[in-house]
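Asks: My questions will all concern the structure given below.
The values are calculated or read from the model by the stated rules, or taken from the named source; none is laboratory data. None of these values were measured; they are calculated from a predicted model. Counting neighbours? That spans all protein chains shown, and the Cβs are built from the backbone with ideal geometry, glycine included. Just the protein is used for accessible areas: all its heavy atoms, side chains included, with ligands, DNA and RNA removed. Shrake-Rupley method; radii C 1.70, N 1.55, O 1.52, S 1.80 Å.
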Amino acid sequence: MPVTVVVGAQWGDEGKAKVIDLLSKEHTFVVRYQGGHNAGHTVVVDGERYALQLVPSGVLYEHVIPVIANGVVVDLPTLFSEIDMLEARGVSCSELKVSSRAHLIFPWHQAHDAIAEAMRGDDKIGTTLKGIGPAYADKARRVGIRAGDAMDPARFRALVRERGAAESKLITEAGGDPLDVDEIVERFAELAARLTPYVSDTISLLHSGLARGAHVLLEGAQATFLDLDHGTYPYVTSSNPTAGGACAGSGLGPRDIDRVVGITKAYTTRVGAGPFPTELTDVDGETLGRVGKEFGTVTGRPRRTGWLDCVMLRHAVRLNSLTELALTKLDVLDGFERVKICTGYRTMEGELDDYPDRFDVLSAVEPVYAELDGWASALGEAREPGALPAEARAFLEVVEREVGVPIRVVGVGAERDDYLMWASA
Ligand code: GDP
Ligand code: IMO
Ligand code: MG
């Protein structure tokens, strides 16, 4: 299928990168369409771990043209340290394209992120402090500086100087330290010069690729329930990871998209604050965190853990037009005597099977669980459905029935080849 979107169906870190890596075999372009270096996308190949924040996860394949599209906010220091890291490990980034329309992140965005979080006190969002929200705010305020501005060095310097001076004033008024604007101008002028060979009209590139029959994989960062419009606002990121955002963020139209793959873990995690109905704070939650190695790739923070939530997944199907699920980390449930799947939410007014619109309702719901037998054997070596214990197959069948779309890929380990095809396309 020519155009596939991969989108997180929960609160992030579902294992999107591993599925992107798998699907990259059949795609020419792998395209990041939103977010920035708040993402941490991990691919493990022969014990080598690649943690990517900005460069699309398809980069590990020579045939792939990785594209950072217009909807992404780009932190140049991170981009170049990632390119340097990859090239030092023998992964070429020479084909990488960065949209001229992508907005750039500057040190003042990080300063504003930190000030906003400090001002929220106990109500802080728990952002990654990467400046993502402030960079998107500047885009919406129409004062952002874009990758394409790097093509005119004199103008770029003037823009950085002007914005830097204005932002330094605002930061000091808010109690922060003034910015060293001269240093920022010099440093970013150098980074901009390094950026110019990568800058491209990625919209024309993708459309002319499609016209020639190329396949495009749109790589979501973050996830459905971190979406600015559809997530648990205000505990969200500042972009639209949902499939609709893939169009705005890449310049492809809705009718170009054939397939939307939602990625879910076999359980649920969340980094940062916000409601989490199936959260576990007991020994089971601790086991999921330990066995699943649930620590943030970007911030190192421990992730909150809980049982799988099919109310969320049903809503993710509607919001994204999901055609299928990929379910990762089923192996992390190995050894649990009983496993639970949330099938509905109970409230004072009765049971809901729709995702509540109101934050206060969501914060107070009590999950309704289906309880299943766990499995005794380890799943790590399973490569076909028949190799799974009956209890693990029953788990997948309940999820498919509750969510209403087929599961195609099932992850049973972190390595590139640790998966099986549950149902074929
Ligand atoms: P992403 O942000 O959605 O790309 O996910 P992350 O890379 O942040 O987090 C997923 C973590 O789970 C990474 O450390 C992966 O290597 C790992 N992982 C992915 N799929 C599986 C799986 O099926 N089983 C296990 N045990 N680990 C997995
Ligand atoms: P990937 O792509 C998990 C969370 C942060 C915080 C909220 C807002 O690896 O799945 P931000 O810095 O974006 O303003 O933070 O969003 N968050 C993520 N959580 N995975 C991510 O990315 C995330 N990117 C942001 O923890 O709660
Ligand atoms: Mg991640």
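Asks: Can you find a residue that is surrounded by fewer than 22 Cβ atoms within 10 Å (Cβ to Cβ) and over 30 Å from Pro275 (Cβ atoms) anywhere in region 129-139?
Replies: no
Asks: So which of Thr242, Thr268, Thr202 ends up being in contact with a Ser or Thr (Cβ under 6 Å, 6 or more places away or on another chain), assigned by TED's automatic domain parsing to the domain that holds Arg358 and of a type in the set (S, T, N, Q)?
Replies: Exactly one of Thr242, Thr268, Thr202 is in contact with a Ser or Thr (Cβ under 6 Å, 6 or more places away or on another chain), assigned by TED's automatic domain parsing to the domain that holds Arg358 and of a type in the set (S, T, N, Q), namely Thr268.
Asks: Among the residues of region 279-298, which ones are open to solvent by 50 Å² or more (accessible area, probe 1.4 Å) and within 16 Å of ligand 3 (Cβ to nearest atom)?
Replies: Across region 279-298, the qualifying residues are Lys293, Phe295.
Asks: Return yes when Val199 is touching a Pro at 6+ places or on another chain (Cβ under 9 Å) and modelled with pLDDT of 95 or more and no when it is not.
Replies: For Val199, the condition - touching a Pro at 6+ places or on another chain (Cβ under 9 Å) and modelled with pLDDT of 95 or more - is not met.
Asks: Then there's this: Out of Ala211, Ala189, Ala221, report the one residue that is in the same structural domain as Ala135 (by TED's automatic domain parsing), out of contact with any Cys (no Cβ under 9 Å at 6 or more places or on another chain) and of a type in the set (Gly, Ala, Ser).
Replies: Result: Ala189 is the single residue among Ala211, Ala189, Ala221 that is in the same structural domain as Ala135 (by TED's automatic domain parsing), out of contact with any Cys (no Cβ under 9 Å at 6 or more places or on another chain) and of a type in the set (Gly, Ala, Ser).
Asks: Taking strands (runs of 3 or more DSSP E) that do not extend beyond region 180-274, which have at least 2 residues that are in contact (Cβ under 8 Å) with a residue 24 or more places away in the chain and more than 20 Å from Gly58 (Cα to Cα)?
Replies: Of the strands (runs of 3 or more DSSP E) lying wholly inside region 180-274, those with at least 2 residues that are in contact (Cβ under 8 Å) with a residue 24 or more places away in the chain and more than 20 Å from Gly58 (Cα to Cα) span 267-270.
Asks: Determine the pairs where a residue that is outside the structural domain of Thr297 (by TED's automatic domain parsing) and in contact (Cβ under 8 Å) with a residue 40 or more places away in the chain, located within region 15-30, has a partner that is within 16 Å of ligand 2 (Cβ to nearest atom) and of a type in the set (Ser, Thr, Tyr) with Cβ atoms under 7 Å apart, the partner being 6 or more residues away or on another chain.
Replies: These pairs meet every condition: Gly15/Thr328; Ala17/Thr42; Ala17/Ser57; Lys18/Thr328; Ile20/Ser57; Asp21/Ser57; Val30/Ser57.
Asks: So, in region 327-346, how many residues would count as being open to solvent by less than 30 Å² (accessible area, probe 1.4 Å) and assigned to a strand (DSSP E or B)?
Replies: The total comes to 8.
Asks: On to the next question. If you scan region 211-241, which residues turn out to be away from ligand 2 (no atom under 16 Å from the Cβ) and open to solvent by 40 Å² or more (accessible area, probe 1.4 Å)?
Replies: Ala211, Arg212, Gly213, His215
Asks: Check Thr264, Thr269 and return the single one that is within 11 Å of ligand 2 (Cβ to nearest atom), surrounded by 21 or more Cβ atoms within 10 Å (Cβ to Cβ) and closer than 24 Å to Gly413 by Cβ.
Replies: Result: Thr269 is the single residue among Thr264, Thr269 that is within 11 Å of ligand 2 (Cβ to nearest atom), surrounded by 21 or more Cβ atoms within 10 Å (Cβ to Cβ) and closer than 24 Å to Gly413 by Cβ.
Asks: If only one of Pro77, Pro66 is surrounded by fewer than 22 Cβ atoms within 10 Å (Cβ to Cβ) and over 23 Å from Thr269 (Cβ atoms), which one is it?
Replies: Going through Pro77, Pro66 in turn, the sole match is Pro77.
Asks: Return the only residue of Asp354, Asp360 being of a type in the set (Asp, Glu), part of a helix (DSSP H, G or I) and modelled with pLDDT under 95.
Replies: Matching residue, one of Asp354, Asp360: Asp360.
Asks: Considering region 383-424 alone, what residues qualify as being touching a Pro at 6+ places or on another chain (Cβ under 9 Å), of a type in the set (A, V, I, L, M) and either modelled with pLDDT under 95 or open to solvent by less than 50 Å² (accessible area, probe 1.4 Å) (or both)?
Replies: Leu396, Val410, Leu420, Ala423
Asks: Using the structure shown, decide if Lys97 is touching a residue at least 60 places away in the same chain (Cβ under 8 Å), open to solvent by 40 Å² or more (accessible area, probe 1.4 Å), touching a strand residue (DSSP E or B) at 6+ places or on another chain (Cβ under 9 Å) and within 16 Å of ligand 1 (Cβ to nearest atom).
Replies: For Lys97, the condition - touching a residue at least 60 places away in the same chain (Cβ under 8 Å), open to solvent by 40 Å² or more (accessible area, probe 1.4 Å), touching a strand residue (DSSP E or B) at 6+ places or on another chain (Cβ under 9 Å) and within 16 Å of ligand 1 (Cβ to nearest atom) - is not met.
Asks: Would you please name the residue that is farthest from the chain's Cα centre (by Cα), looking only at residues in region 349-369 that are open to solvent by less than 30 Å² (accessible area, probe 1.4 Å) and closer than 20 Å to Val339 by Cβ?
Replies: So the residue we want is Val368.
Asks: Further question on the same structure: In this structure, does Ile132 turn out to be more than 25 Å from Ala221 (Cα to Cα) and either hydroxyl-bearing (Ser, Thr, Tyr) or in contact (Cβ under 8 Å) with a residue 60 or more places away in the chain (or both)?
Replies: No: the conditions fail for Ile132.
Asks: If we keep just the residues of region 186-210 that are of a type in the set (A, V, I, L, M, F, W, C) and open to solvent by 10 Å² or more (accessible area, probe 1.4 Å), which is farthest from Leu79 (Cα to Cα)?
Replies: Leu210
Asks: Counting only residues that are of a type outside the set (A, V, I, L, M) and under 16 Å from Phe395 (Cβ atoms), which one in region 307-330 is nearest to ligand 2 (Cβ to nearest atom)?
Replies: In this case the residue turns out to be Thr328.
Asks: Can you name the number of the only condition in (1) open to solvent by 60 Å² or more (accessible area, probe 1.4 Å); (2) in contact (Cβ under 8 Å) with a residue 12 or more places away in the chain; (3) outside any helix (DSSP H, G or I) that Gly176 fails?
Replies: It fails just one condition, (1).
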